[in-house]
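The values are calculated or read from the model by the stated rules, or taken from the named source; none is laboratory data. In this text the structure is predicted, and so the values were computed from the model without any measurement. Here the Cβ is made from the backbone with ideal geometry for all residues, glycine too, and neighbour counts use every protein chain on show. Just so you know, the surface numbers come from the protein's heavy atoms only, side chains and all, with ligands and any DNA or RNA stripped out. Shrake-Rupley method; radii C 1.70, N 1.55, O 1.52, S 1.80 Å.
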4 protein chains.
Amino acid sequence: MTGRTARGPALKPRKNPEQSRSAETVRTILEGAARVLEERGLAGYTTNAVAERAGVSVGSVYQYFPGKEALTAALVARETGLLIAAVRDAAGAATPELGLRRIVQATVAHQMSRPRLALLLDREESRLQLADSLDAVTRAISGALLALLGRLEPAPPVEAQVAAGDLFALLRGMVDAAGERGERAGDALEQRVLRAVFGYLGLPPAGP
Amino acid sequence: MTGRTARGPALKPRKNPEQSRSAETVRTILEGAARVLEERGLAGYTTNAVAERAGVSVGSVYQYFPGKEALTAALVARETGLLIAAVRDAAGAATPELGLRRIVQATVAHQMSRPRLALLLDREESRLQLADSLDAVTRAISGALLALLGRLEPAPPVEAQVAAGDLFALLRGMVDAAGERGERAGDALEQRVLRAVFGYLGLPPAGP
Amino acid sequence: MTGRTARGPALKPRKNPEQSRSAETVRTILEGAARVLEERGLAGYTTNAVAERAGVSVGSVYQYFPGKEALTAALVARETGLLIAAVRDAAGAATPELGLRRIVQATVAHQMSRPRLALLLDREESRLQLADSLDAVTRAISGALLALLGRLEPAPPVEAQVAAGDLFALLRGMVDAAGERGERAGDALEQRVLRAVFGYLGLPPAGP
Amino acid sequence: MTGRTARGPALKPRKNPEQSRSAETVRTILEGAARVLEERGLAGYTTNAVAERAGVSVGSVYQYFPGKEALTAALVARETGLLIAAVRDAAGAATPELGLRRIVQATVAHQMSRPRLALLLDREESRLQLADSLDAVTRAISGALLALLGRLEPAPPVEAQVAAGDLFALLRGMVDAAGERGERAGDALEQRVLRAVFGYLGLPPAGP
DNA sequence: GATGAATGAGCCTTCATTCAT
DNA sequence: CATGAATGAAGGCTCATTCAT
C-alpha cells in the first residue's frame, strides 16, 4: 500500500454495462466481495479472494473495476443505495419529527440486514475518502437531517450544521454497536436511538 | 498481513520491565508508534516505520513486543490508561448525574488530546479482538455507566446493560466524529453529548 | 454483439470477395499496430490496444495472426517491403558506388518516413529471432552490399562478408540515431552516412 | 507496465553501503542481474529471477534498489564505469587522432567483454530515459568526441555536434553488431571502426 | 467469421518477522 | 541486549490467449 492519501485513483467502475451478461458478472463480483468481507473480514478481503468467492477469475474483477478501491466503492454504492433513497424520502416527511423517525428507521433497517458488512464498509468508507470529500451516505443523511432541523419548532439550541453532524454520528455509532453486539430487534433499537435524538434536540420523547 | 484471524496471538508485552533503560525504550517505541499513526495513518503504520521513528532497530521492537498486534495493544493500553482511571473514578461520584458528566468529560478530553491517534486506535481496537473479547476501555466505561445507571432515579425505562452499551456507543460515535471534523472546543462538545445522554435516559438536561 | 436480429433478404452478392475483405482487415490491424507502437511505445503495445486502435475485436486479431509475435513479424514485413525492394534494385546499379548510394538513400528514406516505428521495429526484430536466424531486411541489405562490394575496384581491404556486416551495422546505427534525435533532413544524413561508408571502403568521398 | 515514460521514478539505489556485508550483497545482486540478462534475455529478466540467480531473496533486492528500473540503472552504471573512465581519459590524448583511437579501443574492449549483456543494456538504457535525458555513456562518449573534434585539423566539414552524434551512433552500431555476430577479435574490429570514423571525418586512414 | 468476456500464469512490490553478528 | 540485513509469503494487477455466443 503506497501512501496514497489524497489522490483520486479511479474509483469509478471501468464499464457500466447494465445489460445482459456483463451486468450479471458485476453483480456476482460485488456479492462475492460482500461475502468475503462478511466471512473473512478486512484482513481476508483480497481481490483474489473476491474473485474466487465469486467464481470468476481475477481478470474479470479488473475488467470491471480499475482497482480494489473502486470495487469497494462500488460495493458501498450498492449497499447504500436503498438507504440513501429512503433517507432522501424522509426529508420530505409531513413533520420533522416524522422525518427523523424515518431516517432512524431506515438506518436501523439497513444495518440490521447485513450488520458485519455494513460495519466494515462504514470503516472503509471513511478510510478511503470516497467521492468529493464526503461520501454519499454521509451527505445524504446529513443533508436530510439538516433540512428537517430547519423545520423544527422550537429550533434546537445548537447550530443546525453541528446538530446534523452530531445526530449522524450518534446514530451511526449506536447502530454499528448494536450490529456488533448481535442485536436483531429493529424496533427496540429504533426507539432507543430516537430517545437520544429527541433528547439531544430538546424535544419530548415521541411515543412509538 | 498474515491471516491470523482466529488464533490467540500473544498480545501482552514480552517483558514488563518497570525499570531502568528498558522501560525507557518501551516508551520510546510506543511514542514512535503513536507518531507514525498520526503522521502516516494506518497505511504507513509498519513495524519498520515505527522503529525508524523511534530511533531504534526493528529488532528492538521485537525484543519488547512479540508482534505488531502486541505493540498496538500496548499503545492502546498506554493511551487509554488515564481515561480508564478517570472513568473508574467517575463511578463513585456523589450523584449519578455528576458521574455521567465526568465520564463524558474524560472521554472528550481524551479524544481531544490526540484526535487522530485516538480515532485510529479505536478502529484497531475493534478490529483486533483485544483482551478477552471486550477491550479495557469498553469494559471500564460500560462498567462505570452500569454502576451509575443503577443509582439513577427514576430508573431509566431501558434495561441497564443495554443502556450502558447504547450510551457508550453514542458517546464514542459523537466524540470520534468531532475529532474527525477537527473540532477542538471540548466544553461545547461535552454539552452536546450530555444532551443526548440525558435525553436518552429521560432526565432533564442538566445545566453546565 | 451486434443487434443483427432481423434477417432481411439476401442483399449481398453470393460470392463475397472474401479475399479482399480479409486483406482489408489485415491491413487495418497492421496499421493499428503501427499506430499503437508510435503512440504508446513498446510498453503500450498490447494485443488489446492494437485491436481497439484498429477498431476490431481481439478475436479478429487472433483470427489472422497466430500470436502477438506473428503480428509483429507481419508488421515488420509490411514496413520493410518497400525498403527491401529498393535495396534489391540497388544491387543492380550501373556502378557499385551508385548502388551503395542507392541503398543508403533507401534506408534513410525508410527511417525518415516513420522514425519511431522503424526504430521500435528494429529492436523487436532483433529481440524475436524472426525468420531463419536473420531477418529479411538484414539479409536483403547485406546481400546487396555483398554483391556490390564484389564489383568494387580496388577491392576493399576487408573480407566482403565482414565488410557487408559492418556497413549494414554502421548504416542502421546512424540512421536509427538520427531518427531518435528527430532529424528530418534526409539529404544531409545521406551525405554523412556515405562519408562513413566510402571512408570505410577506402574510396574517395563521392560528391552528391 | 504502466506507461511511465517521462517521470523520474527513483532510479538511484536505496542505500549506498560501500562497506562490509551490504556491499557484497549489492555486488551479488548486480552480478545476478547480469547473468539473468545474459542467459535468459530481457524476457526472463524478472526481479524474482535476479534474486534467485543471485542466491538472495527478492526482499534483498528491494532493500537496495527501489525498483526494477533502479536495478537496471545500477547495472548499467557498473558495466559502464570502466568504459566511461577510459573515454574521459581519451579526451586528453596527445592528438585528436590518438584520442579517437582510444575511444574506439575502449568501446570495443567493453563490448567484447560481455557482448550480450552490453547489447541488452544498451537497449534498456535507451528505453528508460536514465539520468537527465541522456545517459552517462552517451554523454561521456559524445562529450569526448566533441572535445577531440574541436582540435582536429583540418576541421571536419560537418558541424561538430552532429559529427559527434554520428560517430557515436556508428561506433555503437558496429560494435553491437559485431558482438551479436559473435566476433571476438578486438583488434580487427577496432581497425574497421577506425576506417569508418576517419573516413567520415575526411582524415587519411591511420595505420595501426 | 466476428466478438469481447473470461481466464490465469506470472510480474512487481511490500512488510512482518527472524537471526547472525 | 541491540542491530539491521535477510527472508519469503502474499497481495494487487496486467495481458496474451481462448471460446461460447
Out of curiosity, is residue A:69 over 30 Å from residue A:147 (Cβ atoms) and either at pLDDT below 95 or touching a His at 6+ places or on another chain (Cβ under 7 Å) (or both)?
yes
Taking the condition of being touching a Phe, Trp or Tyr at 6+ places or on another chain (Cβ under 8 Å) and at the interface with chain C (Cβ under 7 Å from one of its Cβ atoms), how many residues in segment D:170-204 meet it?
6
Being surrounded by fewer than 18 Cβ atoms within 10 Å (Cβ to Cβ) and either of a type in the set (A, V, I, L, M) or under 24 Å from residue D:188 (Cβ atoms) (or both) is the filter here, so list the residues in segment C:176-203 that pass it.
C:185, C:188, C:202
Out of (1) open to solvent by less than 10 Å² (accessible area, probe 1.4 Å); (2) more than 8 Å from every other protein chain (Cβ to nearest Cβ), the odd one out for residue B:142 is which?
(1)
Quick check, is residue D:140 in a helix (DSSP H, G or I) and under 27 Å from residue C:138 (Cα atoms)?
no
Can you tell me which residue within segment A:145-169, out of those that are part of a loop (DSSP other than H, G, I, E, B) and of a type outside the set (A, V, I, L, M, F, W, C), is farthest from the other protein chains (Cβ to nearest Cβ)?
A:151
Hey, residue C:56 hits all of (1) within 15 Å of DNA strand F (Cβ to nearest atom); (2) assigned to a helix (DSSP H, G or I); (3) open to solvent by less than 80 Å² (accessible area, probe 1.4 Å) but one; which does it fall short on?
(2)
Here is a check on your reading of the model: is residue A:108 under 20 Å from residue A:37 (Cβ atoms) and aliphatic (A, V, I, L, M)?
no
Selected residue (only one of C:72, C:80 is open to solvent by less than 30 Å² (accessible area, probe 1.4 Å), within 16 Å of DNA strand F (Cβ to nearest atom) and in contact with an Asp or Glu (Cβ under 9 Å, 6 or more places away or on another chain))
C:72
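The rows are residues; the columns are (1) within 9 Å of DNA strand E (Cβ to nearest atom); (2) among the aliphatic types (A, V, I, L, M).
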residue	(1), (2)
A:25	yes, no
A:32	no, no
A:37	no, yes
A:45	no, no
A:51	yes, yes
A:56	yes, yes
A:67	no, no
A:72	no, no
A:80	no, no
Members of segment B:184-208 found to be in contact (Cβ under 8 Å) with a residue 60 or more places away in the chain, of a type outside the set (A, V, I, L, M, F, W, C) and farther than 21 Å from residue A:177 by Cβ, listed by number:
B:184, B:186
Might you check whether a residue that is more than 8 Å from chain D (Cβ to nearest Cβ), without any contact (Cβ under 8 Å) to a residue 60 or more places away in the chain, on the phi < 0 side of the Ramachandran plot and over 15 Å from the mean Cα position of the chain (by Cα) occurs anywhere in segment C:120-127?
no
Among (1) open to solvent by less than 50 Å² (accessible area, probe 1.4 Å); (2) within 13 Å of another protein chain (Cβ to nearest Cβ), the one test that residue D:110 misses
(2)
Residue A:18 crowded, with 16+ Cβ neighbours inside 10 Å and modelled with pLDDT under 95
no
Contact list please: Cβ distance under 6 Å, first residue in segment C:97-108 and assigned by TED's automatic domain parsing to the domain that holds residue C:81, second residue open to solvent by less than 40 Å² (accessible area, probe 1.4 Å) and of a type in the set (Phe, Trp, Tyr), pairs at least six apart or on different chains.
none
Can you pull out the residues in segment B:37-53 that are away from DNA strand F (no atom under 12 Å from the Cβ) and either assigned to a loop (DSSP other than H, G, I, E, B) or in the same structural domain as residue B:110 (by TED's automatic domain parsing) (or both)?
B:41, B:45
So how many residues does segment C:29-53 have that are open to solvent by 40 Å² or more (accessible area, probe 1.4 Å) and touching a residue at least 40 places away in the same chain (Cβ under 8 Å)?
2
Does residue D:85 satisfy the criteria of being assigned to a helix (DSSP H, G or I) and surrounded by fewer than 20 Cβ atoms within 10 Å (Cβ to Cβ)?
yes
Just one of C:176, C:187 is out of contact with any helix residue (DSSP H, G or I) (no Cβ under 7 Å at 6 or more places or on another chain) and either more than 26 Å from residue D:157 (Cα to Cα) or assigned to a helix (DSSP H, G or I) (or both); which is it?
C:187
